[in-house]
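All remarks here apply to the structure that follows.
The values are calculated or read from the model by the stated rules, or taken from the named source; none is laboratory data. Small disclaimer: the values here were computed from a predicted structure and weren't measured. Because the Cβ atoms are built from the backbone with ideal geometry, glycine has one as well, and the counts that use them run over all protein chains shown.
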Amino acid sequence: MSTQRFVAQATAIALILASCAACTQAQKAADSAAVAAPAGIAPIVKVGQGEVQGAAAAGVAVFKGLPFAAPPVGDLRWREPQHPANWTGVRAATAFSATCAQAEDCLYLNVYEPADAKKGAHLPVMVWIHGGAFIFGSGSQYDGTQFAKQGVVVVTVNYRLGRAGWFAHPALTAENPNGLLGNYGLMDQIAALDWVRANIKAFGGDPKNVTIFGESAGAISINYLMLAPQARGLFAKAISESGFGRLAARPLSSVEHSGVTFAEKAGVPGSDAAAAKALRALSWTELTGNVAGIGSADQILPMADGKMITGSAAEGFANAKEAHVPYLLGGNSDEASLTRRGLNAAERLASIQQRRGAFIAAYDPSNTGDADRIIARLVTDTSISEPDRDLARLHAKHGNATYVYHFSYTPAAQRATLFGLAHGGEIAYVFNSPRATPFDDEGRAVASAANKYWAQFAKTGDPDSAGGSMWPRFDAADESVMEFPATGVPLAAKHFHKDRLDWVEAGLTK
C-alpha cells in the first residue's frame, strides 16, 4: 500500500474519531413533558404536535428542545424514527434536551429565528448537523444567533450516537429484511429534515429553501445525505466542512459481525427474535460501554447498508448519484492537528521514496526539512483537501454550482506557533460566535465575512461577495478556491495547492 493511501485511510479515520473534544460539554436535560409556559411576551408558535413557547432577546427568538421524533427507547431502539406525540396546552421550549451521548431520549432540535419573523415569511433555512466522531456532541452546542440576525432561520439537531445510532446485528436484520438498517443516526437526520419541511413555515422559514450544513462527522453525514434517496427533496443546498470524502463505508455484514461480538460479551447469544428483544433490553450503561477505540476495526462509523449508503461519497459522486443542488465544501490548513502526537513525522517523511523529488518540491519548496510541518500538510491533503477537490470536480462536471474554501486563518497571537487552523477551527468563524477566547479585531472581521458568505449561500445558492471579495464558482478551467488566509482577508485562488493535491491524487492509483 502506498504511503499516501495509508495516510488517507488511517489518519482520516483517526481525525474523525478524535475530533470535537469540546463536544463533551454536558447540557442540562429538558423536561420532556408538555408543561404550561410562563406568562409574558415570549413567542408562541404552533407546530404539528402543539404549541411551543420560546424566548426572545436581542432581536432573536430561540425555541429549544423541540421533539422531532418519538423517544427511540424500549421497542423503538434500532428502529426508524417514529412521529413525536402531540400535546395539549403550551409546551415550554426554553431548555435544551439531553444530548444523544447522555441518553436515548434525545431526538430534539432547536430553532433560532429573527424575533420579528412571521409565519409565511419565506426566510432561508439552515439545518446544522453537528460533528463529534458519531459518538458525542449535540446540536445545542451551536448558537445560530448571528445567522438569525441576517434573516436566516437556523435549526440545530441531535441524532443518535454510538451504538444507539450506528449498529447492526443479524437479529435486527432478520426482523426487518426489507427496511432501513444500521445507520439510525442518518435516519434521525432525515426525520429532522422531514420535521423542518412540515413545520418551518410556522417560524417564518421557507421549506423549499433549506440548506444542510455540518462539520466532520456532520460533514460526512451531509455528503451521505446528498446521496441518500430518502433525503431527496428535503434540502435545496448543502455545505460540507471537513467531510473526508474518500472515507470508505464498511459493509453492513462486517458491522453485523462486530455487533455479534458485542452482543455475546453482553450476554446476548443468537440471532433470533429473542436476541433482538434482549438487545433492546440492555441498559444504557451496557449499551454505551467499551466503545471501540481509534483505528479499531469496530469503531463507530456509518456503514454501507445498500439503501441509504452504498459506498464512499467519492464513489457516489463519481456515479452522479448526488443531489443536483448548489454545494459548498472545504477544510482547514491543519486538519492533522488532532493526530500529530501519534505521527512519527521524521520516520514517515523518510519512508516516502516513490516520486520523492516531486513530493519535496510540492510539500517543502523552501527545503526547510521540517518533517512535522511537511507531514502535517500531507495528512491534511490526503484526508480533506484532495478528497474535497475530487468531489468538487465531480459535482461541477455534473453541471452543479460548486464552491470550495480553504480556511488558513489563525489569530495573530498564535500564528507563529501554529501549523494552521485546526480541525473544526472554522466553526467559531462560520457561526460568528467565539468559543473559549474572544476574537481580536482581525478575527472579528474574518468571522463576520465567513458568516455572511455562508448566509448568502443559504439565501441564493451563491456565496457572492459578502461585502468583500467575490467568491467564484469552482470549474474545470480555474478550480477556484476561496482562501481565508492568515492575513484575514478572503481571497480567491486558482488551482489552489495544485502540486500537492496532484501528488496525493496520483498515489491513490498505486
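So the values come out like this:
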{"item": "Counted residues, region 29-63 - those being at pLDDT 95 or above, over 22 Å from residue 151 (Cβ atoms) and either among the aliphatic types (A, V, I, L, M) or surrounded by 17 or more Cβ atoms within 10 Å (Cβ to Cβ) (or both)", "result": "3"}
{"item": "When residues of region 374-420 are limited to those that are in contact with a helix residue (DSSP H, G or I) (Cβ under 7 Å, 6 or more places away or on another chain) and assigned to a loop (DSSP other than H, G, I, E, B), the one farthest from residue 465 (Cα to Cα)", "result": "419"}
{"item": "Verdict on residue 366 being among the hydroxyl-bearing types (Ser, Thr, Tyr) and either in a helix (DSSP H, G or I) or under 30 Å from residue 213 (Cβ atoms) (or both)", "result": "no"}
{"item": "Any hit, region 166-181, residues being among the acidic types (Asp, Glu), closer than 24 Å to residue 232 by Cβ and not assigned by TED's automatic domain parsing to the domain that holds residue 459", "result": "no"}
{"item": "Residue list for region 132-153, restricted to those being closer than 17 Å to residue 450 by Cβ and within 15 Å of the chain's Cα centre (by Cα)", "result": "142"}
{"item": "Residues being more than 25 Å from residue 247 (Cβ to Cβ) and modelled with pLDDT under 95 - total across region 354-364", "result": "0"}
{"item": "Residues that are part of a helix (DSSP H, G or I) and more than 20 Å from residue 461 (Cβ to Cβ), drawn from region 122-147", "result": "139, 140, 141, 145, 146"}
{"item": "Count - residues of region 255-275 that are under 13 Å from residue 173 (Cβ atoms) and among the hydroxyl-bearing types (Ser, Thr, Tyr)", "result": "1"}
{"item": "Yes/no for residue 177 being surrounded by fewer than 21 Cβ atoms within 10 Å (Cβ to Cβ) and either in a helix (DSSP H, G or I) or in contact (Cβ under 8 Å) with a residue 24 or more places away in the chain (or both)", "result": "no"}
{"item": "Qualifying position, being modelled with pLDDT under 95 and out of contact with any Gly (no Cβ under 8 Å at 6 or more places or on another chain), among 460, 487", "result": "487"}
{"item": "Whichever residue in region 64-79 is surrounded by fewer than 23 Cβ atoms within 10 Å (Cβ to Cβ) and among the aliphatic types (A, V, I, L, M) and, among such residues, is nearest to residue 184 (Cα to Cα)", "result": "76"}
{"item": "Options 192, 198, 202, 236; residue that is farther than 18 Å from residue 427 by Cα, outside the structural domain of residue 68 (by TED's automatic domain parsing) and modelled with pLDDT of 95 or more", "result": "236"}
